[in-house]
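What follows is a short report on a single structure.
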Amino acid sequence: MSITPQTEPLTKIKSKQMIEFLKLGKRLDGRSLTEYRDVKIEAGVIGKAEGSAQVSLGNTRVLVGIKVETGPPYSDTPNMGVLTVNAELLPLAHEIFEPGPPDENSIELARVVDRSLRESKALDLESLIIIPGKLAYVVFVDIYILNHDGNLFDASEYAAISGLMNAKLPVVEVEGEEGKPTGDFKELPVRDCPVSITIAKIDEALLVDPTLEEETMATAKITITTTKDGKICAIQKSGGGTFTFEEIMEAQKIARSKAAEVRSLIPGWRG
Amino acid sequence: MEESRQKLIGENGLRIDGRKPDELRPIRMEVGLLANADGSAYIEQGKSKIIVAVYGPREVHPKHLGLSDRAIVRCRYHMAPFSTQERKSPAPSRREIELSKIIREAFEPVIFSEYYPRSMIDIFIEVLQSDGGTRCAGITAASLALADAGIPLRDLVASCAVGKVEGCLIVDLNDEEDKEGEADMPVAYIPALDTVSLLQMDGQLTEEEFVEALKMAKEACMRIYQMQKQALKQKYVEAKEAVEEQE
């Protein structure tokens with residue numbers, strides 16, 4: 001059951017200042033409305049994982065590890081490999097996160113990233129089948145939030161796609177109906193580079209890459225993912241506010257242009 | 001296998017169930033059918049069947065969840081184990097948890113929750129039979145249940161999905177069109193505010209298709225909105241007729 005959350009409001013003086021700044025097209029940290037924080041992506045940070053990447057977006061820090069195993073494909077897609085995305089809002093990342101089973105926020109985060117990866121067809125799942133109906137590669141994308149300062153959707157998505165591009169696929173030898181790793185590796189077939197762009201609405205202003213303080217003030221957010229060809233492949237509106245049709249059109253244009261910028265920062269993506 | 005599959009759009013431009021691209025499925029709405037709930041509604045949209053109950057505003061339990069300046073809204077979207085081809089486990093799936101959240105967020109902007117501090121409003125959506133578009137039909141019915149409970153609303157929320165199959169944009173996808181199609185975009189629309197309170201998309205759409213799809217969604221939601229108002233009035237027409245008959 002989903003319940004209206006209790007959120008700690010910003011101090012009056014800070015929220016007033018933020019609104020006044022936004023009216024002038026400025027933000028508390030000095031950015032313009034359509035400016036991202038510094039995006040830093042480091043791939044291959046966990047040697048034991050088949051793929052990994054760490055992303056920092058200002059003070060937001062996310063680590064993604066990719067593990068590849070073999071297992072049965074889903075019965076409704078017997079000719080495809082399996083992609084699984086999971087997210088953990090670690091208690092070490094912020095005082096508001098508590099240990100325990102995934103809550104609606106971490107489930108939403110994982111599903112939004114999953115949608116971006118899946119619907120862009122970034123991972124060529126058809127080539128990840130070993131024995132149709134019996135054995136497939138299972139790709140686990142595990143999102144670890146290390147420090148929360150807003151815009152977890154985008155930071156996680158960049159880390160996930162960077163991790164996939166960095167990942168190696170263990171080659172297996174088929175023996176009967178089992179796969180035995182040969183010890184060799186090949187590249188994971190990644191053929192698109194989906195990039196999500198999150199736009200928050202505070203008052204009447206639309207701004208990209210909200211910090212946690214800005215998210216606290218935002219009535220709603222919209223996350224729009226585009227493929228390398230500029231097609232929209234995933235959208236999620238979240239938060240208890242609304243968007244006008246004009247705002248959605250504006251957000252969609254911003255997402256398209258910012259995605260091209262961020263895409264050039266994804267390590268391993270060669271257009 | 002590929003050849004024998006039925007085409008989703010026929011040569012006459014009609015869909016597998018004979019509809020035009022911008023045509024809704026047959027929709028039946030009923031208000032106030034559950035005796036215990038403060039408000040309730042039932043919707044049949046094509047083969048999808050959903051029942052919704054609203055309780056509240058009522059006391060918050062446990063108390064610490066309450067907010068001092070407004071009511072909290074609780075929402076549960078749930079599918080019956082027998083609602084799908086293969087039995088669905090009654091435990092809430094990740095999909096149901098996500099949908100419960102975004103459906104709640106679709107209603108927060110229309111409920112005058114500031115009228116009822118320290119209380120809660122519960123929305124229970126049960127999908128009895130699923131054939132695509134259940135989150136949208138659930139929202140449409142939940143609006144009616146909220147209104148039936150007498151909860152002050154800025155407006156009803158009307159909801160409908162737009163999708164793409166075989167290159168053609170269509171409204172109100174059924175299950176097969178959703179599964180086989182190239183895109184699905186559920187939209188919830190608040191006519192009085194002219195704003196969107198739920199928007200999701202999966203699949204692939206170009207900018208032009210997206211713009212057109214949004215336009216189609218708004219038109220479809222407006223048609224559903226008219227039906228919602230009709231369904232609400234109908235309850236009172238029936239009550240009046242019953243009284244007149246007695247007299």
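Rounded if a/c is under 1.5, else prolate if a/b beats b/c, else oblate: with a ≥ b ≥ c from the C-alpha gyration tensor eigenvalues square-rooted, which is chain B?
prolate
Taking every residue in B:99-106, how many Cβ atoms of other protein chains lie within 10 Å of its Cβ, on average?
6
Compute a Gaussian network model of chain B, connecting alpha carbons closer than 10 Å, and tell me which residue from B:GLY138, B:GLY181, B:GLY13 fluctuates the most.
B:GLY13
Just checking the output field for B:205-214: average partner chain Cβ neighbours within 10 Å of each residue's Cβ?
Per residue, the average neighbour count from other chains is 3.
Amide H neighbours of B:MET79 under 5 Å, at least 5 residues apart or on other chains, H built in the peptide plane: list them.
B:VAL127
Within 10 Å of each residue's Cβ, count the other Cβ atoms and sort A:CYS193, B:CYS136 from fewest upward.
Listing A:CYS193, B:CYS136 from fewest to most nearby Cβ atoms yields A:CYS193, B:CYS136.
Report the residue, chosen from A:GLY176, A:GLY81, A:GLY71, that carries the largest GNM mean-square fluctuation when chain A is represented by alpha-carbon nodes joined by springs under 10 Å.
Evaluated over chain A, the most mobile residue of the options is A:GLY176.
Could you sort A:109-122, B:17-30, B:117-130, A:251-264 so that the peptide with the highest average Cβ count within 10 Å comes first and the rest follow in order?
With the highest mean Cβ count within 10 Å placed first, the list reads A:109-122, B:117-130, A:251-264, B:17-30.
Roughly what would the spin-label model give for A:MET249 and A:HIS94, points 7 Å off Cα along C-beta, in nm?
Placing both labels 7 Å beyond Cα along the Cβ direction yields 3.3 nm.
Per the Debye formula with a single identical scatterer at each Cα and no solvent contribution, what log10 I(q)/I(0) holds for the stretch B:120-218 at q = 0.15, 0.17 Å⁻¹?
-0.62, -0.77
With θ set to phi - 60°, apply the Karplus curve 6.51 cos²θ - 1.76 cosθ + 1.60 along the stretch A:212-221 and write out the HN-Hα couplings as whole Hz, x wherever there is a Gly or Pro.
Values per residue, Gly and Pro as x: 4, 4, 5, 5, 4, 7, 6, 7, 7, 10 Hz.
Where Rh denotes the Kirkwood radius from the mean inverse Cα pair distance, what is Rg over Rh for the stretch A:18-96?
1.17
Does the protein assembly as shown classify as rounded, prolate or oblate by the C-alpha gyration tensor (a ≥ b ≥ c root eigenvalues; a/c under 1.5 gives rounded; else a/b over b/c gives prolate, otherwise oblate)?
Judged from the Cα gyration tensor, the protein assembly as shown comes out oblate (a/c at least 1.5, b/c at or above a/b).
Quantify how strongly other chains surround peptide B:71-78 by giving the mean number of their Cβ atoms within 10 Å of each of its Cβ atoms.
3
How many Å³ per residue does the convex hull of the Cα positions in the stretch B:42-121 occupy?
Spread over its residues, the Cα hull of the stretch B:42-121 gives 115 Å³ apiece.
Using helices alone, what [θ] at 222 nm do you get for chain A, with -39,500 (n - 2.57) per DSSP H run of 4 or more residues, divided over all residues and rounded to the nearest 500?
-8000 deg cm²/dmol
What order do you get for A:TYR144, B:TYR77 when you list them from fewest to most C-beta neighbours inside 10 Å?
Ascending Cβ contact count within 10 Å gives the list A:TYR144, B:TYR77.
Order by neighbour count: A:SER32, B:SER48, fewest other Cβ atoms within 10 Å first, most last.
A:SER32, B:SER48
Just how far, in whole angstrom, is the stretch B:94-165 from the stretch A:163-199 if you go by their alpha carbon centroids?
40
Are there trypsin sites (Lys or Arg not before Pro) in the stretch A:1-77 that DSSP marks as loop and that have at most 11 other Cβ atoms within 10 Å, and which are they?
Here the sparse-neighbourhood loop sites are A:LYS48.
Across the Cα atoms of the stretch B:7-82, what radius of gyration and what greatest pairwise Cα-Cα distance (Dmax) are found, in Å?
Rg and Dmax of the stretch B:7-82, Cα atoms, are 19.3, 60 Å.
What does the highest-first list of B:229-237, A:50-58 look like by mean Cβ count within 10 Å?
Ranked by mean Cβ neighbours within 10 Å, highest first: A:50-58, B:229-237.
Counting only the backbone N, which residues of the stretch B:171-210 are under 18 Å from the spot 7 Å out from the Cα of A:THR219 toward its beta-carbon?
Inside the label zone: B:188-199.
May I have the convex hull volume per residue, in Å³, for the Cα set of the stretch B:1-144?
Measuring per residue, one finds 139 Å³ for the Cα hull of the stretch B:1-144.
None of the figures in this text is laboratory data; all of them are computed from the coordinates on show. All values reported here derive from a predicted model rather than from experimental measurement. Here Cβ is always computed from backbone atoms with ideal geometry, including for glycine, and neighbour counts include all displayed protein chains.
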